[in-house]
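Quick notes on the structure that follows.
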Amino acid sequence: MSTATGKKPFDVGLAMERIADAVRPWPKAALFQLAEEGYTSAFEQLLACIISIRTYDEVTLPLSRALFARARTPAGIAEIPADQLDALIGGSTFHERKARQILAIARRVDDEFGGTLPCEREVLLSFDGVGPKCANLVLGIACGAPFISVDVHVHRVTARWGYVQAATPEKALLALEATLPRPHWIEINRLLVPFGKHICTGKLPRCSTCPVLDMCEQRGVTAHR
């Protein structure tokens, strides 16, 4: 049975398998790469996610490593002078504001939670500068909790597939929570970030080499490679 566009019905489980193979040669999304390197605490993941906002992974990774080489605990981060912290993450977008946010988070985690950031969505969202994307990503990677993190890649790719239709990443999150099988909730970000960067790109997607072209409705695609 095919859809109205003549494509096969979208099998998201099969798509995830194919995409996992397709993105293997490409760099991993920043927070997943950092987790593989041992930066697995919720606190470390949260700080790296803040650094990553509006910042390329190629910049986020070395800046996060440099910060964690200086300190990895809330108490340690809280002791870094503001100007030095700002210099450590100076390559990221909005670094001055991020430095203030990171210091405030470190002090609060140390004071209120005994130095251990709890794996609670409400707590994460209570910090200045932390939205659903970062909160869900931290909970998924550091805590193993089933949450979906939707960035521009996840939003764009799932819309092109015709899997969900939503005007914003926030609305796409709600749509995916209602549609996507729970076993794929964490991995959809892990896989679709490199897939969206290198194959299903924003402009001129590489449809000729796409592993799920037979299922994709190619919504919004007017030109491709």
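No value in this document is a laboratory result; all are computed from the given coordinates. Just so it is clear, the structure is predicted and the values come from calculations on it, not from any experiment. Positions of Cβ are generated from backbone atoms using ideal geometry, with glycine treated the same way; all protein chains shown enter the neighbour counts.
Observations
- The chain: relative contact order in percent, alpha carbon pairs under 8 Å with at least 6 residues between: 24
- Calculated FRET efficiency for the pair ARG206/ALA167, C-beta based, R₀ 22 Å, to 0.05: 0.30
- When the square roots of the Cα gyration tensor eigenvalues are ordered a ≥ b ≥ c, the ratio a/c for the range 87-199 is 1.5 or more and a/b exceeds b/c, which makes its shape prolate.
- Each residue, ALA223 and GLU177, gets one label point 7 Å from its Cα in the Cβ direction; the gap between the two is 3.9 nm.
- Here the simple spin-label model places points 7 Å from the Cα toward Cβ, and for HIS198 and GLU79 these points are separated by 4.0 nm.
- Restricting the trypsin sites (Lys or Arg not before Pro) of the range 1-102 to loop positions (DSSP other than H, G, I, E, B) with no more than 12 neighbouring Cβ atoms within 10 Å leaves ARG54.
- Sorted peptide list for 41-48, 202-209, 106-113, criterion being average Cβ within 10 angstrom, highest first: 41-48, 106-113, 202-209
- Inter-label distance, nm, simple model (7 Å from Cα along the C-beta direction), ASP21/ARG121: 3.4
- Cysteines having no other Cys beta carbon under 4.7 Å from their own, within the chain: CYS200, CYS207, CYS210, CYS216
- Using R0 = 45 Å, the C-beta based FRET efficiency linking ALA69 and LYS8 works out to 0.40.
- Of LYS98/LYS203; LYS7/LYS28; LYS8/LYS133; LYS98/LYS133, pairs whose Cα-Cα distance is over 23 Å: LYS98/LYS203; LYS7/LYS28; LYS8/LYS133
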